[in-house]
1. Looking only at the stretch 775-805, count how many residues are modelled with pLDDT under 95 and of a type in the set (Lys, Arg).
2. Filter the stretch 472-524 down to residues that are surrounded by 19 or more Cβ atoms within 10 Å (Cβ to Cβ), part of a strand (DSSP E or B) and without any contact (Cβ under 8 Å) to a residue 24 or more places away in the chain, then give me how many there are.
3. Is it the case that some residue within the stretch 1012-1027 is open to solvent by 40 Å² or more (accessible area, probe 1.4 Å) and of a type outside the set (Ser, Thr, Tyr)?
4. Go through the stretch 386-402 residue by residue and tally those that are closer than 25 Å to Asn862 by Cα and buried (at least 22 other Cβ atoms within 10 Å of the Cβ).
5. Given the conditions (1) of a type in the set (A, V, I, L, M); (2) open to solvent by less than 10 Å² (accessible area, probe 1.4 Å); (3) more than 27 Å from the chain's Cα centre (by Cα); (4) under 30 Å from Asp449 (Cβ atoms), report the number of the one that Ile1072 does not fulfil.
6. Run Ala990 past the list (1) out of contact with any Pro (no Cβ under 6 Å at 6 or more places or on another chain); (2) without any contact (Cβ under 8 Å) to a residue 24 or more places away in the chain and report the number of the one that doesn't hold.
7. Could you check Leu732 against (1) touching a Pro at 6+ places or on another chain (Cβ under 7 Å); (2) under 30 Å from Gln697 (Cα atoms) and say which number it fails?
8. Does Leu432 satisfy being touching a residue at least 40 places away in the same chain (Cβ under 8 Å), of a type outside the set (D, E, K, R) and open to solvent by 10 Å² or more (accessible area, probe 1.4 Å)?
Amino acid sequence: MSTAGFNSQNGTGTGQAYANGPSQNPVALQQLPGVNYGMTHQPTYNPMQAKVPAPPGPGLYPTGPYQPVPPVSSYQSGLLPASYPSPPGQQLLTRPPMAGPPSHTPPQSASPGPGPRLPPAQATPPPPAVSSSSYYQTPQQPQPMAPTWNYNTAPPPMGPPSSMNTPPRGLAANHVSPATSSIAPPPPMSSAAYSSAPPAHVSHSTTQPPGPGMPPTSLHGYIQPGTAPPPMNPMAPQTYQPNRVPYSTPPTGPPTMKPAPPPTGPPMANATSPPPDGTVTDNGPQAPNSYNHVDNKLAGPPQPGSPGRHLGHYPSLPPGYQNTSAPHNAAPPMHPAMQAATQPYTQTPQPYQQPPVGPGPAQLSPSLAAMSLQSSTPEALRVVNLLQERNLLPPSPIPAPTPCLPQDLQKINCNPEVFRCTLTSIPQTQSLLNKAKMPMGLLLHPFKDLSLPVVTSSTIVRCRSCRTYINPFVSFLDQRRWKCNLCYRVNDVPEEFMYNPVSRSYGEPHKRPEVQNATIEFIAPSEYMLRPPQPAVYLFVLDVSHNAVETGYLNVFCQSLLDNINALPGDSRTKVGFITFDSTIHFYNLQEGLSQPQMLIVSDIEDIFLPTPDSLLVNLNECKELVQDLLKSLPTLFEKTMETQSALGSALQAAFKLLSPTGGRLSVFQTQLPNLGAGALQSREDPNQRASAKDIQHLSPATDFYKKLALDCSGQQVAVDLFLLSSQYCDLASLGCISRYSAGSIYYYPSYHHQHNPAQVECFQKDLKRYLTRKIGFEAVMRIRCTKGLSIHTFHGNFFVRSTDLLSLPNVNPDAGFAVQMSIEENLDDMQVVSFQAALLYTSSKGERRIRVHTLCLPVVNSLSDIFAGADVQAISGLLACMAVDRSVTASLSDARDAMTNASIDSLSSYRQSVLTIQQPGLLAPVCLRLFPLYILALLKQKAFRTGTSTRLDDRVFAMCQLKYQPLAYAMLMIHPALYRIDDLTDEGALNINERTIPQPRLLQLSVEKLSREAAFLMDAGTVMYLWIGRNCNPTFLTQVLGVPSYTAVPDNLYLLPELDTAESQRTRAFIGWLRDQKPFFPSLQIIRDESQRKASFMQNMIEDRTESALSYYEFLLHIQQQISK
């Protein structure tokens, strides 16, 4: 990616709308015609590339009068699509055509009002029989833009076009240039190699061939895994390969790396210049402890080894090096294969001999890989007709799919809660990925609270070429050499690594904890530091205007900090400070020796300065009494204030000056729109347009002040966390930039008031306690590496992108999630598995420099059926949600909605055309994607993307922020809430956790037809829980759980369950408490009666039902089928 591309990605230019990921105009991103940089890179799937400009068409959500319908789902299982009548006033979704005009004109809406319109459409036609170098027949001609995504491709260079002989800039450093690889890249495979028709006869040496005349399909009508055409160079299962370079004599010569891109981003002060030895391969400005050059300095001189991949098998591990999982913090038990391997290795390097027991880990021939897929995942490809099968939602939460790997590799693979891929089977080529029409990306939760092994070692073993940390998926060629699983370089095993500190034995490097655990943490030696590790520094910036005092938040904050002041993460060096502001800025001198805190007021907000720089941030242990005195007096200090103005920007500038020398965490509490001094904002929301606007305006920031300040903060290792407690519009789209680009967090409490909204007060208290006491990492950077041939091109989350694969995280917290999009740059023909590694370098609150490393291994497949079998529908939905947020900001909300709808149409169309061999009527999907249309519909009805329903602008922007930085498990509840019936809880199938019995009721579909007025239902929507009480609810539940004699006695504003000494009460509270314990935030509980005013917010989450502005699930399925069948 060019420098201009990075400036766009991070917004270092002036006045750019934020796009922490894709470039400013993602609709137009496509590879320049004729420019392929010498790589076998396929054009990326772009279903809108050949579409004509959109003619007017019927609307998705009509704006005419609402036609009443019964309060049940519109689902009718026995109805064929052709006979389904269009409901009055409702029009099905349509889509722009791929080529010619539609075959028929859809019925016009009965709605008289002009609604948002989408053009008619037809599904993607089967690809023409042309070379795979072009998915479309005329790719050189400019095409009109339309809403969809360029899946799995990097944005093209945005600066002047580079020379054809110049390698592209911005590629990750671990990607060896094809021109210097020892093996020429294989020729691009024509699209005919992936024809959807099955071959006449395919047999493998390890499977029984089908009988004469029997095609290799099942009764379900899909291609059996493993019956796809064989790869270009199929490998026999034997190990002996006469053309392979022997391990004992690797080719000499250092690997040639691609040139690193030039530095990008803002200048960073206090940076230590890298050593003048030319070893720096990373780029970007160097902040203190950015460790870019340290990361590569340790590599030492180049080591002889193969810079490219060997043809043939992925190397297997000798019996003594087969890796097994080990319980955390315990000595790993010996694998039977390890116990059997008792023969000592010879001291001299010898050519590796394959043992006769069969393939080891990471070595599967294509036929064996196909056989294992065939034997372990037929259920994932079972065909489901979505229009006929009603109850597709499983009764319990959906686990992540298991990659189809050998058992010994899968046992030690990374936990999917930490590291997850949208496709658990990686396609061999970009053209195959384009054909599947699903996004490929990773979802990470890198700093999750875990019990994990910690290694203290003077030598951290890493690949000398790509700097990958040694991990369970490398291969040991012998006792003294290991082969990197990302760049395939052969490295020496250091002498120190021969000793195993767990078993206290020597000469068994394969038993070290680094090679036994896919997630591990290192105590970093001094080489990983450019300055002494910073202390924990906490600065609190508090709004004390009249509006803030009225909300009453100051009392809650001060009391919570007093209660938890001894639990703040840190050591004897921990520092704290306080700034308050209204129309002026107030500092507090807490210097040791004062009898009471001293307040210093600076009224010149245009040229802010620090009155006493040395006494505003003080050592917490030495000045704890003064800090406590200040917290006790702050709420009363401003209780009589009539100051209504807010100079937030100036307060942030002062805080930045105060924290710049050390770095740290800046916690901002704001209750209104800042209207004075730097960063002043004006209201941009028109309440009358909340529901009727065709497109939502003002999703991008009004000023770049907060973004620029955030980038300055990031350069000085300062992260800004924003707490917004407001009953009025605060322009979160602008204020949120201060946290988004500094790796901070955003907390939002709409309509916060200490008397009128006690449920919000409880949430704020619980969230604040978690925030103050949770683990924290300072001055962090995270790098994501992947196997040669794969590339990362877009990041999602809160951070600053410092270089192609390096994220700057001034603070990292255990509740932050990240996502990345990926593409296939070079064909993966000669690989059986690929690996991904995320390394997080941070300073702990105790002043230790640590490195947390996660490694994920996934199989490579060469057939569409195997790709679909490994699809992770929740991860795909989570990644699409991130992409849709970016599209909403950079293009429009309607574009994002159309692109999400088209994503489900395209993937199911590809499945029908390319995987199914027996075409059947109906909307067919594999089991693994059966919930995909439901999740897409849920996203369309989610607060971030919904239309036709009154949604406050700040509420919408906050929902978008959550989708971008929440880990997948939490984001999915916000997309598709969980519904349970809880008036009949029993101990059957219950969990026992810490001597508590946790009932496990069934998950129910989000439809009114699942409700009953004789029952009570709990809905877990992530940040909020609803307890809906039916009008004729079981009296036992009312008395034994709610403590009221009758339904009419249930109070309107009840938000707490009474602690009653009954079995029913204990079960209900245990279940709700268990759901809350799984989240890092505290979801409020709203207890709603059938006629309550708050019932509307509960009913809006009934995703499967039709509303006046949105389709029902069944209507949405009909629309998808209509588009596919065109």
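The values are calculated or read from the model by the stated rules, or taken from the named source; none is laboratory data. This one's a predicted model, so the numbers in the text were calculated from it and none came from an experiment. Glycine gets a Cβ as well: all are built from the backbone with ideal geometry, and neighbour counts include every protein chain shown. Ligands, DNA and RNA are excluded from the accessible area calculation, which covers all protein heavy atoms including side chains. Shrake-Rupley method; radii C 1.70, N 1.55, O 1.52, S 1.80 Å.
1. 2
2. Residues meeting the conditions: 1.
3. Checked against the condition, which is being open to solvent by 40 Å² or more (accessible area, probe 1.4 Å) and of a type outside the set (Ser, Thr, Tyr), the stretch 1012-1027 yields at least one hit.
4. The qualifying residues number 1.
5. (3)
6. (1) is the only condition that Ala990 fails.
7. (1)
8. When the stated conditions are applied, Leu432 does not pass them.
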